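None of the figures in this text is laboratory data; all of them are computed from the coordinates on show. Computed from a predicted structure; not experimentally measured. Positions of Cβ are backbone-derived with ideal geometry, glycine not excepted, and every protein chain shown enters the neighbour counts.
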Amino acid sequence: MRPETFKYSNSMRVLKVEPHLSERALKSIVNSQKSVRDFRDWQIIYSVQANPGKKASEIAEILCITKDKVYKTVEKYNRLGSSWKRGGHWGGRRESRCIMPRERERVFLQGVEGDALAGQIITYQQIKTKLEIQMDRKVSDDYIWDMFRRHGWTKKVPRPAHPKADEAAREEYKKNFRKIWQPNSWSLKTGKIPDR
């Protein structure tokens, strides 16, 4: 069997870091990390290099991670060298696959905001139609709601009210409602609430 195709099990893996960086350089890199994910990865490399002979299970237990995470991180560092974490950020594809850049969305919503405040636009469907005319293409409902969320727009609906509600009776009730309920002496003595 060729060595490239042979898959090692966890028990056969050797936990050793290639000396791409000194221990002092690794420690300074660990301390300079801004994100938790990068800090954790560099911490794994530093821990393995600073503690030769430790098993992956011991390092994983100390760092509260899985043994596989230790092996994968060390293997990637050994393969790519000290530049293994450069350019590995998650996300960042939004601008290349979105319909409009965030700045154009903001300008579009500012134009719509005046109409909305004047009462000319009431539903998202009207905003969607206006956007489709401007972009000369169809957009999904999800895109509209995501755009609202990105720019802090929320749904505003009036509070529900019963069609037969009497506003005068409600105000009278508010005026005469007792603020504090005091039990009578019988319920204090017996600990029971009287039937009515």
Beyond 28 Å between alpha-carbons counts as too far, so tell me which of 55/85; 16/85; 130/164 fall in that bin.
-> 130/164
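Rank by packing, highest mean first: peptides 154-166, 131-143, with packing defined as the count of other Cβ atoms within 10 Å averaged across residues. Don't skip to the answer; put the middle values down first.
Values: 154-166: 6.2, 131-143: 11.7.
Ranked by mean Cβ neighbours within 10 Å, highest first: 131-143, 154-166.
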Across every pair of different alpha-carbon atoms, what Kirkwood hydrodynamic radius in Å does region 18-165 reach?
-> 20.2
Evaluate the relative contact order of region 12-161 (contact order divided by residue number), counting alpha-carbon pairs under 8 angstrom at least 6 apart; express in whole percent.
-> 16
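Between residue 40 and residue 122, what FRET efficiency comes out of the Förster formula 1/(1 + (r/R0)^6) with R0 = 30 Å and r the beta carbon distance, rounded to 0.05? Display every interim value, and only then the final one.
Values: r = 49 Å, r/R0 = 1.62.
The pair residue 122/residue 40 has a calculated efficiency of 0.05.
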